[in-house]
1. From the gyration tensor of the Cα coordinates in region B:204-410, what semi-axes in whole Å does the equivalent ellipsoid have, largest first, with each one equal to sqrt(5λ)?
2. Over 29 Å between C-alpha atoms is what I'm after, so list which of A:LYS29/B:LYS357; B:LYS278/B:LYS389; B:LYS172/B:LYS266; A:LYS20/B:LYS266 land there.
3. Cut-off is 10 Å between beta-carbons; in what order do B:ILE371, A:ILE83, A:ILE76 appear when sorted fewest neighbours first?
4. Which ordering of A:LEU168, B:LEU293 is given by a fewest-first count of other beta-carbon atoms within 10 Å?
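Just so it is clear, none of the values below were taken in a lab; they were calculated from the coordinates. Owing to the predicted nature of the structure, the values given are computational and were not obtained by experimental measurement. Glycine also receives a Cβ, built like all others from the backbone with ideal geometry; neighbour counts cover every protein chain displayed.
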Amino acid sequence: MPEQSNDYRVVVFGAGGVGKSSLVLRFVKGTFRDTYIPTVEDTYRQVISCDKSVCTLQITDTTGSHQFPAMQRLSISKGHAFILVYSITSRQSLEELKPIYQQVLAIKGSTESIPIMLVGNKSDEMAQREVETKEGEAQATAWKCAFMETSAKTNSNVKELFQELLALEKKRDMSLSIDGKRSGKQKRADKLKGKCSVM
Amino acid sequence: MQDTLQYASSFLDFIQMAQNFDDCRRKWLMAEQELGSCKETLTKTETERGALEVKLKHARNQVDVEIRRRQKAEADCEKLDRQIQLIRDLLTSEASTNSIQLSAEQRSALAFLNTNSQGAANLNTSRRLTTIDESASILSDISYDKTDDSIVSTSPFQHVVIKPESCVPCGKRIKFGKISLKCRDCRVVSHPECRERCPLPCIPNLGGTPVKIGEGVLADYVPEMSPMIPPLVVHCISEIEQRGLHEAGLYRLSGADRTVKELKEKFLRSKTVPVLSKVDDIHAITGLLKDFLRNLKEPLLTFRLNRPFMDAAEVSDDDNSIALIYQTIGDLPQPNRDTLAFLVLHLQRVADSLDTKMDISNLARVFGPTIVGHALPNPDPMTILQDTKRQPKVVERLLSLPVDYWRQFVMAENEQANLDHLIIENANCYATPERSTDSLNFVSLCSVCVTVGTLVDISS
């Protein structure tokens, strides 16, 4: 399903206000804004190195109010990897990931070969915690995906999150377009400005 | 000689005088006779009048009796109607929770309940109006004291409680034997002290909408008279405003899917009003409102006007853009326009409340897809993507129009409807609570009737 291109598309899903945009902006721009603006849909591009090769990491920041099932389906079918974000301060936000996961499963057929990260964001807001780390881990085990708690605000685990996501791709599916292109191009890694470099 | 002459003339004079006297006496006599006969006729007519008065008294008594009988019959009819309604409510609502299973045949057999009572209600109002007319004219003919009349029936209808109900504004149970209020039209039940907080405007609850969820257009959910706003929209907005608009991320965050689905089902299926004040999570209520608007067969701004709205919003000159927007709003069908006005007024208040962190541009992002939608029922992904970027601008423009402009759609027609409503339906309107805290200042449409909850033994 994913297009044969040099792009590697990561789609970020999650309920409204869990910090999807904050995570992405922290990763892409290294900043954190304390403003409160819902996202319609934004896409960020970042050049990364993949095994001595170049490819564009395209991160799609989706809207939290899962209003448009058609758009969600489109994002899923075009995406290579997925970050499912909830807020540790809201059990409801974890609940809302379930239909999204089911949707991914339905469109991709199987999630075995698809890198998926379950992310509990806002780990700095310990006082308001509603979802324990264990519960997040348990959910990740059930979904056979990786798990991490992050904080876009304090820049905790953000870079690691993307690193691990890309690492999952290496581990599980070597036949994806990135690999093919990489072998053909063989570009120098030192040209790259990407923050995320994967070994 | 002269003497004799004088004598003769005086004699003649005397005779003349005597004759005059006689004439006079005769006239007198005649007058006296006339007087006698007149007196006779007078007494005759007086006795006649007496007889007629007795008859009149009888007639009045009879009218009184008839009026009382009619009142009683009407009260009985109403009571029976209400019982039928309650039974229907019970059957339909219980059926959905599976405690009473109704087979399809049973349902169709029971379908007459629905149609019958509706028809009966219509019949009732029309018949009643004509009788009132007649009686009024008769009564005025015989100068009957109108204040005694029963045009305004003051007997409160009995609201028979066969299952526990909750107060819509406060969410607490109404105990048996306590006085409760129930609106005839919107079916809102409340404690007397919570009356002021009932959702306004009062929109007659259509109950059991025959459209499947997600298959109706807005017009299928609105009442026939102004303001044409679906009851669901009024109840959600009223409940949300009642909680004070302090929640950060109002309309951005979403509530539990299941709760939203259940509430929607309850709202559109059963005739009773779900008690939203019992729903803990405010985001489930905002979710319900958004879900309802989003899943209409046609978006609130209609397919036809989708492009005109988007084009108008993107005109670079602000004045021209706003003028075009006004024009396009004018083209909306009335249900859409009224509902939009009600929603925008609410969203403007949400934006004004800083606690929500939802300013106009944030709300526009959330409501763009919800109310603007697309120009086609099933747009392709590219169109969706393009439209999604354009929708918020439209909502932003709508939200920046002045409050007074929007208010006219909800207000002016509101008052008119109010009058109609009072004449036709509302005999028991004790109060029209003015919503002073609300910047809208609706004249209340809520006709609240005193009802006393009484426990009824169904088995008997």
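1. 26, 20, 17
2. Long pairs (Cα-Cα over 29 Å): B:LYS278/B:LYS389; A:LYS20/B:LYS266.
3. Numbers: B:ILE371 25, A:ILE83 28, A:ILE76 21.
Arranged by neighbour count, lowest to highest, B:ILE371, A:ILE83, A:ILE76 become A:ILE76, B:ILE371, A:ILE83.
4. A:LEU168, B:LEU293
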